[in-house]
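Working notes for the structure below.
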Amino acid sequence: MRDRDAILERRRRLVAAALACVAPGLGCAGTNAPPPRDGHSTRSAPAQPNARTEAKLVAAADTDADGIEDARDACPEVPGIEAIDPVHRGCPPTPCLSVLPPGEVRITLQVYFAARSSDLSQGSEAVLDSLAQHLFRVPELKLTIVGHSVPSEPADLALRRAESVLRALVERGVDRSRLNTKSVGSSQPVEAHSTEAGRQRNRRVEFLPQGTE
């Protein structure tokens, strides 16, 4: 009975943390609040440009003022963050956790990499800051860091990507004993490897609560 109570209490704390993370206005550290339901930014309209600056603004328009030009921004009307993945570039970060019936927790943050590289990008730093802060708030949560690659990359690259992320989390103060690494190579793509957009999304690291791999 005590073991059952302990398991239920652990699940309750994880679900409570997940709900707090995805609740409007209570996002994970380093993330933006979710966009309005109508999909438009609530920021006031920028001042009208004068004749001198009009050409420059047209050349590098940034409607949501997030520092990412509309031409590169997948969410041009909602402030977001830089990302290697063009599908998410300029969009708000996804929540740290999502809650799945009947109370399971899944981490939705991912880290993306350039081709044939295990180096962390500048955009990845904010993702890892957010994840580390959440791990501090839920000390019983342990992670398996899963590295992915594409067929044209070296066989060991997926694991090196996972280890790069592990080191970054340890540098942020996360206890090493709470982290494992795992490589699945190119065997679990989220999109076809045959397109560049698909390969960009497949060069990634994802996070699984230990025991759910």
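The values are calculated or read from the model by the stated rules, or taken from the named source; none is laboratory data. Here the structure is a predicted model, which means the values were calculated and not measured. Glycine also receives a Cβ, built like all others from the backbone with ideal geometry; neighbour counts cover every protein chain displayed.
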Any hit, the range 183-201, residues being touching an Asp or Glu at 6+ places or on another chain (Cβ under 8 Å), assigned to a loop (DSSP other than H, G, I, E, B) and surrounded by 21 or more Cβ atoms within 10 Å (Cβ to Cβ): no
Over the range 146-178, the set of residues closer than 19 Å to residue 129 by Cα and in contact with a Lys or Arg (Cβ under 7 Å, 6 or more places away or on another chain) is 146, 147, 162, 170, 178
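Condition test on residue 164, is it over 18 Å from residue 82 (Cα atoms), in contact with a strand residue (DSSP E or B) (Cβ under 9 Å, 6 or more places away or on another chain) and of a type outside the set (D, E, K, R)? First the steps, then the outcome.
Details: over 18 Å from residue 82 (Cα atoms): yes; in contact with a strand residue (DSSP E or B) (Cβ under 9 Å, 6 or more places away or on another chain): yes; of a type outside the set (D, E, K, R): yes.
Against the criterion (over 18 Å from residue 82 (Cα atoms), in contact with a strand residue (DSSP E or B) (Cβ under 9 Å, 6 or more places away or on another chain) and of a type outside the set (D, E, K, R)), residue 164 qualifies.
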Answer from 166, 131 - the residue that is surrounded by 15 or more Cβ atoms within 10 Å (Cβ to Cβ) and free of Cβ contacts under 8 Å to residues at least 60 places away in the same chain: 166
In the range 47-62, is there at least one residue being out of contact with any strand residue (DSSP E or B) (no Cβ under 6 Å at 6 or more places or on another chain), in a strand (DSSP E or B) and at pLDDT below 80? no
With respect to residue 162, determine if the residue is out of contact with any Leu (no Cβ under 7 Å at 6 or more places or on another chain) and closer than 13 Å to residue 207 by Cβ. yes
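Return the residues of the range 120-129 that are closer than 16 Å to residue 170 by Cβ and assigned to a helix (DSSP H, G or I); say none if nothing qualifies. Give the steps one after another, and end with the answer.
If we filter the range 120-129 for residues that are closer than 16 Å to residue 170 by Cβ, which is where we start, we get 120, 124-125, 127-129.
Across the range 120-129, the qualifying residues are 124, 125, 127, 128, 129.
Would you check if there is a residue in the range 143-161 being in contact (Cβ under 8 Å) with a residue 60 or more places away in the chain and closer than 18 Å to residue 116 by Cα? Lay out the reasoning, then the answer.
Step one: of the range 143-161, the residues in contact (Cβ under 8 Å) with a residue 60 or more places away in the chain are 143-146.
From what's left, closer than 18 Å to residue 116 by Cα: 146.
Among the residues of the range 143-161, at least one is in contact (Cβ under 8 Å) with a residue 60 or more places away in the chain and closer than 18 Å to residue 116 by Cα, which makes the answer yes.
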Filtering the range 136-154 down to residues that are polar (S, T, N, Q) and either loosely packed, with under 14 Cβ neighbours inside 10 Å or not in a strand (DSSP E or B) (or both) yields 149, 152
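Could you tell me which of the residues 161, 178, 201, 172 is in contact with a Ser or Thr (Cβ under 7 Å, 6 or more places away or on another chain) and of a type in the set (D, E, K, R)?
Values: 178 fails: in contact with a Ser or Thr (Cβ under 7 Å, 6 or more places away or on another chain); 201 fails: in contact with a Ser or Thr (Cβ under 7 Å, 6 or more places away or on another chain); 172 fails: in contact with a Ser or Thr (Cβ under 7 Å, 6 or more places away or on another chain).
Exactly one of 161, 178, 201, 172 is in contact with a Ser or Thr (Cβ under 7 Å, 6 or more places away or on another chain) and of a type in the set (D, E, K, R), namely 161.
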